[in-house]
Amino acid sequence: MPLAFESLSHGTVAFGFFHIETDMLLLQELFFFANDFSNVVSHMATCPKDVLIEKALPGYQFMEPEHMGDLMGAIHGIRLSGFIGSLYRRCPFPGRPEDFKQKPKGCFSREEVTAEIRKWARECPILCRKHPPDNTVSIGGYYFDHRVFRELVTYVWRGGYPQWAAGRRPAYVLAMMDALNKGGWDGDLRGD
């Protein structure tokens, strides 16, 4: 589930997985797939630290909050509106706590989630930048200091709040961490 993180630009913001059956992430009203986010992070890790790095992340933006849906209402099965509600209507929140784990390959394919989100949100490139010299990172206009950006990456590495099912991380997460470690990432998260 999404967690609260402190941004430099917008105060506390929500970031994370919102359904255990898809690898899509949200950052407030912006939605994008975790493998695309991991690819952007990997790219940033391979570039020199003292230059501005820009890379577009394919994503979606909700212009109307009601089109996004109500995550807590959808989890409890009482308000299945908007994009989020449409996914929970098809695949409800698990009844058993032990089944609440982020799945590397959930019941929704990327194509299915993409087709559904296009009904509710506009497709847009989300510009990601790593700014020297302090290495702040912006994602679609949300700015994070290096420490908080590391927390976002750690969140994806762990599989969010519920963590990856059976501790199995997808290949794109492993590739992201390899790129970060080779690029001088300040800490190895493999033991987490």
query: For residue 54, all conditions in the list (1) among the acidic types (Asp, Glu); (2) within 16 Å of the chain's Cα centre (by Cα); (3) not in a helix (DSSP H, G or I) hold save one; what is the number of the exception?
result: (2)
Breaking point among (1) open to solvent by less than 50 Å² (accessible area, probe 1.4 Å); (2) over 15 Å from residue 36 (Cα atoms); (3) over 13 Å from the mean Cα position of the chain (by Cα), for residue 149: (3)
query: In region 48-57, how many residues are modelled with pLDDT under 95 and open to solvent by less than 30 Å² (accessible area, probe 1.4 Å)?
result: 1
- request: Quick one: in region 23-51, of everything that is under 16 Å from residue 150 (Cβ atoms) and among the hydroxyl-bearing types (Ser, Thr, Tyr), which residue is farthest from the chain's Cα centre (by Cα)?
  value: 42
Residues within region 101-140 that are touching a helix residue (DSSP H, G or I) at 6+ places or on another chain (Cβ under 6 Å), basic (Lys, Arg) and closer than 30 Å to residue 166 by Cα, tallied: 2
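Among the residues that make up region 58-69, is at least one of them within 17 Å of residue 26 (Cβ to Cβ), surrounded by fewer than 16 Cβ atoms within 10 Å (Cβ to Cβ) and without any contact (Cβ under 8 Å) to a residue 24 or more places away in the chain?
Within region 58-69, the first condition is being within 17 Å of residue 26 (Cβ to Cβ), and the residues that meet it are 58-69.
Next, only the ones that are surrounded by fewer than 16 Cβ atoms within 10 Å (Cβ to Cβ) stay: 58, 63-66.
Restricting the remaining residues to those that are without any contact (Cβ under 8 Å) to a residue 24 or more places away in the chain gives 64, 66.
Checked region 58-69: at least one residue is within 17 Å of residue 26 (Cβ to Cβ), surrounded by fewer than 16 Cβ atoms within 10 Å (Cβ to Cβ) and without any contact (Cβ under 8 Å) to a residue 24 or more places away in the chain.
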task: Being among the hydrophobic types (A, V, I, L, M, F, W, C) and open to solvent by 60 Å² or more (accessible area, probe 1.4 Å) is the filter here, so list the residues in region 81-129 that pass it.
output: 93, 107, 120, 127
query: Does residue 143 meet the test of being surrounded by fewer than 19 Cβ atoms within 10 Å (Cβ to Cβ) and at pLDDT 95 or above?
result: yes
- prompt: How many of the residues in region 58-116 are in a helix (DSSP H, G or I) and not β-branched (Val, Ile, Thr)?
  reply: 24
message: Looking only at region 87-145, count every residue that is hydroxyl-bearing (Ser, Thr, Tyr) and either over 19 Å from the mean Cα position of the chain (by Cα) or farther than 18 Å from residue 36 by Cβ (or both) and tell me the total.
response: 3
- request: Write out, first by first residue and then by second, each pair whose Cβ atoms fall under 9 Å of each other, whose residues are 6+ apart or on separate chains, and whose first residue, in region 160-172, is more than 13 Å from residue 105 (Cα to Cα) while the second is polar (S, T, N, Q).
  value: 160/102; 161/102; 162/102; 163/102
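Yes/no matrix, rows are residues, columns are (1) surrounded by 21 or more Cβ atoms within 10 Å (Cβ to Cβ); (2) outside any strand (DSSP E or B); (3) in contact (Cβ under 8 Å) with a residue 40 or more places away in the chain:
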{"residue": "10", "(1), (2), (3)": "no, yes, yes"}
{"residue": "15", "(1), (2), (3)": "yes, no, yes"}
{"residue": "25", "(1), (2), (3)": "yes, no, yes"}
{"residue": "31", "(1), (2), (3)": "yes, no, yes"}
{"residue": "37", "(1), (2), (3)": "yes, yes, yes"}
{"residue": "42", "(1), (2), (3)": "no, yes, yes"}
query: Which ones in region 155-174 are surrounded by fewer than 16 Cβ atoms within 10 Å (Cβ to Cβ) and part of a helix (DSSP H, G or I)?
result: 166, 167, 171, 174
query: Does any residue in region 115-129 that is basic (Lys, Arg) come within less than 7 Å, Cβ to Cβ, of a residue that is exposed (fewer than 12 other Cβ atoms within 10 Å of the Cβ) and in a loop (DSSP other than H, G, I, E, B) six or more places away or on a different chain, and which pairs are these?
result: 122/63; 129/52
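The values are calculated or read from the model by the stated rules, or taken from the named source; none is laboratory data. Because the structure is a prediction, the values reported are computed rather than measured. Using ideal geometry, Cβ is built from the backbone for each residue, glycine included, and neighbour counts are taken over all protein chains shown. Keep in mind that these areas ignore ligands, DNA and RNA; they rest on the heavy atoms of the full protein, side chains included. Shrake-Rupley method; radii C 1.70, N 1.55, O 1.52, S 1.80 Å.
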